[in-house]
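Have a look at the structure below, then the notes.
The values are calculated or read from the model by the stated rules, or taken from the named source; none is laboratory data. From a predicted model like this one, the values you see are computed outputs, not experimental measurements. Please note: Cβ atoms are built from the backbone with ideal geometry, for glycine as well, and neighbour counts cover all protein chains shown.
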Amino acid sequence: MSVLSLSETSPPRPSLEERALGAYLGFAVGDALGAPVEFMTPREIRATHNGIHDSMTGGGWLRLRPGQVTDDTQMSLALGGAMLASGGWNLRAVADSFVGWLQSRPVDVGNTCRRGIRRYLQTGTLRGAPAEEDGGNGALMRNLPVALGTPPPRDAGGTDTGAGQAEGEDAVFAQRSIEQARITHGHALSDEATVALGRMTRILLSGGERGDCRRIADELVARHRVFAFEPWPGRTSGYVVDTVQTVLDVFFRGETFEACLLDAVNRGGDADTNGALTGQLAGALWGVRAIPERWLRKLDERVRAEISAQARGLLLLGRWSGEGGGAGR
């Protein structure tokens, strides 16, 4: 077969911007799709939605409008907005942005996020004491802007920067991820999860594939066996370990963006966060064109516009460049 015929039959590789938009819009789509079935069991979802939940219906325990997002997307936008307004990394600006979000009376706020933001308001401290009850997924769910707005992995686009990267590589990204996490979540497993899924996203933005992500996942499990996801333990709670296990199981199984999202949200439980993080990884892998148009059309228009602007702005802030993932210096 000739090179010409191969290029004609193979789908084009997503550009860097398409992957970034895919990750951020995929995140919001997963949030809006999953929120109406949050806290439901798979059996309840099947009974309520004629076998499968596959539409932006709205409703659920939060009584959302079709396409409305929750705290997952709102906190991500707050973080991204603070980075862009600061022209770089200013942790106090991030914390202040979280305060502004909390004071806007959002539709939903996680208890750990609320507690951490209130502590900052009362004491001005950017880091709380470690606490076992801080092991939720609230810091993990909002970290995408850090992945986009921090300079890319060294030698981006090559497989050697996956899980096999040397100790300490991409230290700036890891430090920023943990700093934003510790505003609300003082838990080592939350730190590990936030950095690991962020690194997976960054490798995909750089043109990497699922095999590169798998190496990062395997290293995470080797360090902390509690994250082992094969066989999937079957838990979908907001505990950060359950979230990581669910998202990784779904992401490594699915063959399309749509298949991944439907699998994630129809498992129930913390379906908005599981859907959002699955959409983040799947969107970074397959690009924005892989997201079903019927979901994008339903997504809140203002959110869609803000995400598009932030994705481009954060790539510039992080000095990313290239088609399909070459890294800028």
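Annotations
- Against the numbered list (1) outside any helix (DSSP H, G or I); (2) of a type outside the set (A, V, I, L, M); (3) in contact with an Asp or Glu (Cβ under 9 Å, 6 or more places away or on another chain), Glu255 comes up short only at (3).
- Residue pairs whose Cβ atoms lie under 8 Å apart, sitting 6 or more positions apart in sequence or on different chains, and linking a residue in the range 101-122 that is farther than 19 Å from Leu64 by Cβ to a partner that is surrounded by 14 or more Cβ atoms within 10 Å (Cβ to Cβ) and hydroxyl-bearing (Ser, Thr, Tyr), are Thr112/Thr184; Arg115/Thr184; Gly116/Thr184; Ile117/Thr184.
- Residue selected from the range 306-323 under the condition more than 18 Å from the chain's Cα centre (by Cα) and in a helix (DSSP H, G or I), by the criterion surrounded by the most Cβ atoms within 10 Å (Cβ to Cβ): Leu317
- The listed residues are Met75, Met83, Met56, and the only one of them that is modelled with pLDDT of 95 or more, farther than 18 Å from Asn143 by Cβ, hydrophobic (A, V, I, L, M, F, W, C) and buried (at least 19 other Cβ atoms within 10 Å of the Cβ) turns out to be Met56.
- Residues in the range 129-156 that are of a type in the set (Gly, Ala, Ser) and either crowded, with 19+ Cβ neighbours inside 10 Å or modelled with pLDDT of 95 or more (or both) were compared, and the one that is farthest from Asp71 (Cα to Cα) is Ala156.
- Only residues that are under 26 Å from Gly110 (Cα atoms), exposed (fewer than 14 other Cβ atoms within 10 Å of the Cβ) and in contact (Cβ under 8 Å) with a residue 24 or more places away in the chain were counted in the range 39-53, giving 2.
- Applying the set (1) closer than 30 Å to Pro66 by Cβ; (2) in a helix (DSSP H, G or I); (3) not acidic (Asp, Glu) to Ala217 leaves exactly one unmet item: (1).
- Residues being part of a helix (DSSP H, G or I), within 15 Å of Tyr24 (Cβ to Cβ) and either of a type in the set (A, V, I, L, M) or in contact (Cβ under 8 Å) with a residue 12 or more places away in the chain (or both) - total across the range 284-305: 11
- Residues of the range 115-128 that are crowded, with 16+ Cβ neighbours inside 10 Å and of a type in the set (Lys, Arg): Arg115, Arg119, Arg127.
- Those residues of the range 220-237 which are closer than 26 Å to Gly110 by Cα and in a loop (DSSP other than H, G, I, E, B), in sequence order: His224, Ala228, Phe229, Trp232, Pro233, Gly234, Arg235, Thr236, Ser237
- Checked against the criterion of being surrounded by 17 or more Cβ atoms within 10 Å (Cβ to Cβ) and at pLDDT 95 or above, the candidates Glu258, Glu219, Glu293 yield just one match: Glu258.
- Residues in the range 171-186 that are buried (at least 22 other Cβ atoms within 10 Å of the Cβ) and either in contact with a strand residue (DSSP E or B) (Cβ under 8 Å, 6 or more places away or on another chain) or closer than 27 Å to Arg312 by Cβ (or both): Phe173, Arg176, Ser177, Gln180, Ala181, Ile183, His185.
- Condition met for Ala28 (of a type in the set (A, V, I, L, M, F, W, C), out of contact with any Ser or Thr (no Cβ under 7 Å at 6 or more places or on another chain) and within 25 Å of Leu315 (Cα to Cα)): no
- The number of residues in the range 245-261 that are touching a residue at least 40 places away in the same chain (Cβ under 8 Å) and under 17 Å from Asp31 (Cβ atoms) comes to 4.
- Across the range 268-283, the number of residues qualifying as part of a helix (DSSP H, G or I) and either of a type in the set (Ser, Thr, Tyr) or over 13 Å from Gly30 (Cα atoms) (or both) comes to 2.
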